[in-house]
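Structure first, then comments.
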Amino acid sequence: MLYCQLRDFGPLTELTSYYTCGLLDQKGMFSRMSKTYVGTSLYPRRKAYSLRELLEMVAGQYPEVDAYIYRKEVQGKDYHVTYSELREDVEAFAAGLAQQLTAAGQSIGKTRVAVIGANSYSWVVAFNAACSYLGTAVPLDAQLPIEEAQNLIERSQADVLCFDDRHEDLAKIVAQNPGSVKLLVSLAPGAAPEAVAQSLAFEALLAEGHALTPAESAELLTYRPQSEDIASLVFTSGTTSQSKGVMLSHRNIALNAHSCAESFRVKPGDHALSVLPLHHTYENTVGMFTFWYLGLTICVNDGLRYISKNMKDWEVLCMMVVPAIAENIHAQIMRSLRKQKLERKFRQGQRLSRFLRVFRKDKRRQIFHGIIEELGGKFEFFVCGGAPIDPEVVLFYESIGIECLPGYGLSEASPVLATNVQGNCIPGTVGFPLPDVHLKIDDSELTPDGKGHKVGEVLALGDNIMLGYLDNPEATAETVTPDGWLRTGDLGYFDDKGALHLTGRKKCMLVLSNGKKAFPEEIEGLLKNIPAVKEAFVWAEDSKRGNTIICAKMQIDVNQIPAEARTDDDEIANYLHGEIQKINKQMPVYKSVTAFIWTEEDLEMTTTLKVRRPQEREAIRKTLEQKGLSIQEASGMRLPPATANWKFELDNR
């Protein structure tokens, strides 16, 4: 249980790191005349230009440091693997698999290995064996429907499919219709599943590889990747027809991981928790390869419901998260304080810590020692990406001595472009460009955001920009300019400190009938500040009068609504109407939410917990069409309805 405890003052520890971001002139010097922003290194370190080189480098730098702590079953025994053992395991598994591939007539170095499954040590080994010794890794979303996963295996021309026990049904189908797939490998502990014909076991291949002599292994593993070789083929989220295969080279990933590593202050052997799915470039690049550069011990999470327990089990220092995770932990802390009637004491602690910091005495972690202990005692920071996070959540963590550092990136950039850093976090921004990453705003089509800023599309340049999209030169040409700038599709602006503010996706921008433009992400953020609202989706729709109105669908937690306001759906609609009216008064009239619907069911989400906008919009359209209702006629309703239909139209103010 989380609690707040006031403590006596201890020795003062001051943060001394500062992040520099400047504008480059033609000579590469800092200047206020240029429009290109580039980050600089905080903690310089040696570069690797391929993932194989990185693996060899960290095995030499941190041979006795634990690279991984993992469990074969939830809350089971801990297994420890050092960095030198990690390299040996990756090479051994690659050699064991290469024996089978060679027998099947497959060329080593041109092999594509699809990997699908929950985060595990075997997933890490299989992925790295693929890209560092065999050819190219193809990480697949573990939550894909079987048909979509099968389609991506076919599109990628995968030669090997590595799967965990939750994907045996997919493996059975591939075994019956293999296409390009020559080998099936079970990543689950123990023997290969009998139900999947001719499948091989990860542990057996690993043992076979370890049994080979160095000479036998070297004869099998003749491929050494070059920096421009494709290391990973990543499919973007979306429906099968929309997903693009992003080709990331060894240089792309290794140097992006290096830029991230130069931005953070940690010690080798500190513990990091791996929570987000490894198929996603954010966790893959930062939560794996950046952490290798830093010599961190990566603790493989037992599952989302065990995050707090794992943080305490392994005394975690940091972890990569999406906003939903940081916000959920924040909500748990506040619920615990309310339950123990400690909210007043907590606010007193916040005021006291602010007062002391005026005199350069930082006692936050001593004052809020109880909360820190419930997070493992050593936890210092989140790095948060994948979606916007409420600045108030960032400020909450800052007030108790934990840093929540929002960052920004996309798969096509390997993926990180910018981040806030320890000792210099600006809430409401995604921070500063990474070292060696150049960012600028396309000023050819600037749009006022209603707050005095002119926003444009963010463009990025650097060694981290993808090679292109698989078999799609037209889409590549649309996304990457002839001189190498990546069109991110995100709109934003830089402030006078050089920090990047994002306002929304270009393709999601709402263009209203009066010519005004609004960003759904901004309105969604305000709606999610309503205590009962867990998730929100905002879109624009033409009304029967011919004008464009802004609409919202909200996922709510009824238990967070005051008891007197949740007796029935009508009361809930009244409560939500009142809260939305308060939000409308904070915005220009043209941004006001005019109609809303609500549900207690989950919205359509990606594995990084972002709303799937096209799917959600289509589901709403079909539901309204089936009921013969317009969105204004359905306003205030629970969809799908629990019992009755409720109508509630909003005024603009």
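Suppose we keep only residues that are of a type outside the set (A, V, I, L, M) and modelled with pLDDT under 95 within segment 310-329. Which one would you say is surrounded by the most Cβ atoms within 10 Å (Cβ to Cβ)?
That would be Pro323.
Hey, can you tell me all the residues within segment 330-348 that are under 30 Å from Ile298 (Cβ atoms) and either surrounded by fewer than 16 Cβ atoms within 10 Å (Cβ to Cβ) or in contact with a Lys or Arg (Cβ under 7 Å, 6 or more places away or on another chain) (or both)?
Of everything in segment 330-348, those that are under 30 Å from Ile298 (Cβ atoms) and either surrounded by fewer than 16 Cβ atoms within 10 Å (Cβ to Cβ) or in contact with a Lys or Arg (Cβ under 7 Å, 6 or more places away or on another chain) (or both) turn out to be Ala331, Gln332, Met334, Arg335.
Return yes or no: is Val611 surrounded by 16 or more Cβ atoms within 10 Å (Cβ to Cβ), under 32 Å from the mean Cα position of the chain (by Cα) and modelled with pLDDT of 90 or more?
When the stated conditions are applied, Val611 does not pass them.
Within segment 546-553, can one find any residue that is within 25 Å of Met334 (Cα to Cα) and touching a Leu at 6+ places or on another chain (Cβ under 6 Å)?
Taking every residue of segment 546-553 in turn, none turns out to be within 25 Å of Met334 (Cα to Cα) and touching a Leu at 6+ places or on another chain (Cβ under 6 Å).
Select from segment 454-469 the residues that are touching a Gly at 6+ places or on another chain (Cβ under 9 Å) and open to solvent by 10 Å² or more (accessible area, probe 1.4 Å) and write down the one among them that is nearest to Tyr397 (Cα to Cα).
Glu457
In contact (Cβ under 8 Å) with a residue 40 or more places away in the chain, outside any helix (DSSP H, G or I) and within 21 Å of Leu278 (Cβ to Cβ): is that true of Leu405 in this structure?
So Leu405 does not fit the description; no.
How many residues, within segment 427-448, are open to solvent by 10 Å² or more (accessible area, probe 1.4 Å) and in a loop (DSSP other than H, G, I, E, B)?
Qualifying residue count for the region: 9.
Hey, Gln581 hits all of (1) surrounded by fewer than 20 Cβ atoms within 10 Å (Cβ to Cβ); (2) modelled with pLDDT of 95 or more; (3) polar (S, T, N, Q) but one; which does it fall short on?
(2)
Taking segment 46-89, which residues are under 30 Å from Leu486 (Cα atoms), surrounded by 13 or more Cβ atoms within 10 Å (Cβ to Cβ) and of a type outside the set (A, V, I, L, M)?
Residues satisfying the conditions are Lys47, Tyr49, Ser50, Arg52, Glu53.
If we scan segment 406-422, do we find a residue that is modelled with pLDDT of 95 or more, more than 19 Å from Ser41 (Cβ to Cβ) and touching a Lys or Arg at 6+ places or on another chain (Cβ under 8 Å)?
no
For the list (1) within 15 Å of the chain's Cα centre (by Cα); (2) at positive phi; (3) not β-branched (Val, Ile, Thr), I need the number of the one condition that Gly269 fails.
Here Gly269 clears every test but (1).
Provide a single number: the residues in segment 551-574 that are more than 24 Å from Pro323 (Cα to Cα) and buried (at least 19 other Cβ atoms within 10 Å of the Cβ).
Adding up the residues that qualify gives 3.
Do the conditions hold for Glu649, that is, is it at pLDDT below 90 and either at positive phi or open to solvent by 70 Å² or more (accessible area, probe 1.4 Å) (or both)?
When the stated conditions are applied, Glu649 passes them.
Could you go through segment 65-82 and let me know if any residue there is assigned to a helix (DSSP H, G or I), under 27 Å from Val421 (Cβ atoms) and modelled with pLDDT of 95 or more.
Looking through segment 65-82, none of the residues is assigned to a helix (DSSP H, G or I), under 27 Å from Val421 (Cβ atoms) and modelled with pLDDT of 95 or more.
For the subset of segment 98-123 comprising residues that are assigned to a helix (DSSP H, G or I) and touching a strand residue (DSSP E or B) at 6+ places or on another chain (Cβ under 7 Å), which member is most open to solvent (accessible area, probe 1.4 Å)?
Out of the qualifying residues, it is Gln100.
When Ala130 is evaluated against the numbered criteria (1) in contact (Cβ under 8 Å) with a residue 24 or more places away in the chain; (2) more than 20 Å from Ile253 (Cα to Cα); (3) of a type in the set (A, V, I, L, M, F, W, C), which criterion, by number, is the only one it fails?
(2)
Out of curiosity, is Ala460 at pLDDT below 95 and closer than 24 Å to Met247 by Cβ?
Considered against the rule, which asks whether it is at pLDDT below 95 and closer than 24 Å to Met247 by Cβ, Ala460 comes out as no.
Do we find that Ser336 is hydroxyl-bearing (Ser, Thr, Tyr) and under 27 Å from Asn559 (Cα atoms) in this structure?
yes
Among the residues of segment 290-309 satisfying the criterion of being without any contact (Cβ under 8 Å) to a residue 40 or more places away in the chain and outside any loop (DSSP other than H, G, I, E, B), which is surrounded by the most Cβ atoms within 10 Å (Cβ to Cβ)?
Result: Phe291.
Of everything in segment 551-564, what is hydrophobic (A, V, I, L, M, F, W, C), over 14 Å from Glu633 (Cα atoms) and in contact (Cβ under 8 Å) with a residue 12 or more places away in the chain? Give them in sequence order.
Within segment 551-564, Met554, Ile556, Val558, Ile561 meet the criteria.
The values are calculated or read from the model by the stated rules, or taken from the named source; none is laboratory data. Nothing here was measured: the structure is a model prediction, and the numbers come from that model. Quick reminder, even Gly has a Cβ in these numbers, built from the backbone with ideal geometry, and neighbours come from all protein chains shown. Quick note on the areas: whole protein, heavy atoms, side chains included, nothing else; ligands and nucleic acids left out. Shrake-Rupley method; radii C 1.70, N 1.55, O 1.52, S 1.80 Å.
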